[in-house]
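The values are calculated or read from the model by the stated rules, or taken from the named source; none is laboratory data. No experiment lies behind these values; they were computed from the predicted model shown. Glycine gets a Cβ as well: all are built from the backbone with ideal geometry, and neighbour counts include every protein chain shown. Surface areas here come from the heavy atoms of the whole protein model, side chains and all, with no ligands, DNA or RNA. Shrake-Rupley method; radii C 1.70, N 1.55, O 1.52, S 1.80 Å.
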Amino acid sequence: MSLTRSWTPPGPYDLHSNLRVLRRGPHDPTYRTEGGTIWRGTRTPDGPATLGVCVRRGGTHGVVCAQAWGPGAEWLLDGLPALLGAHDDPDAFVPHHDITHEAHRRNPGLRLIRTGRVLEALIPTVLEQKITTDEAYRAWRLLVRRFGERAPGPHPDLWVMPHPRDWLRIPSWEWHRAGVDQKRSAAILRALQRAGRMEEAAHMDLDAALARLQAIPGIGPWTAAEVLQRSNGEPDAVTVGDLHLPRLVGYALTGARGTDDDGMLELLAPYEGQRHRASRLILLGGPRMPRRQPRFPVGNIAPL
């Protein structure tokens with residue numbers, strides 16, 4: 001049995017681009033896109049749930065129609081507008097550069113989504129620390145398929161990540177087999193031991209939420225910002241400590257190479273309160289810096 005709900009966007013809306021930030025690679029077992037429908041397997045406070053969501057004609061900008069299955073279906077649909085970005089306010093953004101002005105104009109359907117689930121964003125983000133995204137996506141895929149559970153509902157190959165107690169039971173050699181070193185697995189386990197306090201961050205203001213997450217050893221500014229962009233829809237949760245973002249922002253706004261975090265924050269200072277949105281728009285509309293350095297080498301500790 002399923003539950004249904006619809007939401008009518010108040011303006012232009014890009015469902016696939018907005019929700020894509022939740023996908024961890026093209027083979028994420030918790031996220032599928034098929035025939036115009038996005039499928040998500042997620043773990044709510046009431047239990048596992050599946051969400052199928054698509055846009056159908058109706059109204060000026062279409063109607064987002066959702067169907068949910070499982071013990072967490074009601075919780076999931078209660079939070080559907082927030083997930084889709086209903087609480088985001090793109091009109092609060094004031095462009096200060098031609099690039100952001102044009103990107104804002106060309107992407108009127110961009111909204112910052114809010115899942116309300118911290119650990120769901122935190123675990124795969126920690127997996128992405130200081131390795132290639134392909135390695136992180138592989139680890140997430142292997143761990144979810146091995147220790148998670150099939151998502152409720154009709155989708156034949158959709159999964160829900162493990163419950164916190166099941167993450168905590170994963171043996172050290174299984175982390176290693178998935179290519180996750182001890183430093184990253186230890187950070188995840190420390191967060192899981194404080195799962196309740198981690199989830200409370202979804203209802204905090206930005207500074208308090210950042211402090212709550214970074215109180216866990218192994219979770220720094222980069223990880224905390226990436227998590228709160230998804231769980232809280234924070235428009236000012238700018239990512240610092242990233243290998244590429246400062247250089248891309250610096251090149252797009254000034255044409256200079258080698259911009260560091262301090263330089264990026266200085267450039268984004270006029271956007272205080274909206275720095276994450278500004279970064280998103282710069283990546284969408286800014287010029288691409290020609291690649292000069294080799295790609296980060298792919299490593300796999302599993303055979304070691």
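You will find that of Val240, Val227, the residue that is of a type outside the set (Ser, Thr, Tyr) and either touching a Phe, Trp or Tyr at 6+ places or on another chain (Cβ under 8 Å) or modelled with pLDDT under 95 (or both) is Val240 and no other. Of the residues making up segment 47-62, those that are hydroxyl-bearing (Ser, Thr, Tyr) and either open to solvent by 70 Å² or more (accessible area, probe 1.4 Å) or free of Cβ contacts under 8 Å to residues at least 40 places away in the same chain (or both) number 1. Just the residues that are under 18 Å from Pro45 (Cα atoms), basic (Lys, Arg) and either without any contact (Cβ under 8 Å) to a residue 40 or more places away in the chain or open to solvent by 40 Å² or more (accessible area, probe 1.4 Å) (or both), please, taken from segment 194-233. Hits for segment 194-233 are Arg194, Arg197.
Within 30 Å of Gln274 (Cβ to Cβ), open to solvent by less than 50 Å² (accessible area, probe 1.4 Å) and touching a residue at least 60 places away in the same chain (Cβ under 8 Å): is that true of Ala191 in this structure? Judged against the criteria, Ala191 is a match.
Put simply, of Asp91, Asp46, Asp98 the only residue that is under 19 Å from Ala121 (Cβ atoms) and acidic (Asp, Glu) is Asp46.
Apart from one condition, His163 fits all of (1) crowded, with 20+ Cβ neighbours inside 10 Å; (2) within 20 Å of the chain's Cα centre (by Cα); the exception is (1).
Counted as qualifying within segment 13-116 are the strands (runs of 3 or more DSSP E) with 1 or more residues that are more than 18 Å from the chain's Cα centre (by Cα) and hydrophobic (A, V, I, L, M, F, W, C), namely 47-56, 63-69.
Per the conditions (1) free of Cβ contacts under 8 Å to residues at least 40 places away in the same chain; (2) crowded, with 17+ Cβ neighbours inside 10 Å, the sole criterion not satisfied by Leu15 is (1). Residues that are surrounded by fewer than 22 Cβ atoms within 10 Å (Cβ to Cβ), more than 30 Å from Tyr271 (Cβ to Cβ), of a type in the set (A, V, I, L, M, F, W, C) and touching an Asp or Glu at 6+ places or on another chain (Cβ under 8 Å) are absent from segment 94-112 altogether. Screening Thr44, Thr37, Thr33 for residues that are of a type in the set (S, T, N, Q), open to solvent by 20 Å² or more (accessible area, probe 1.4 Å) and in contact with a helix residue (DSSP H, G or I) (Cβ under 8 Å, 6 or more places away or on another chain) leaves exactly one candidate, Thr33.
Of the helices (runs of 4 or more DSSP H) entirely within segment 192-285, those holding at least 1 residues that are small (Gly, Ala, Ser) and over 25 Å from Gly116 (Cβ atoms) occupy 245-254, 261-268, 275-285.
With respect to Leu142, is the statement that it is assigned to a helix (DSSP H, G or I), of a type in the set (A, V, I, L, M) and surrounded by fewer than 21 Cβ atoms within 10 Å (Cβ to Cβ) true? Yes; evaluated as a whole, the condition is true for this residue.
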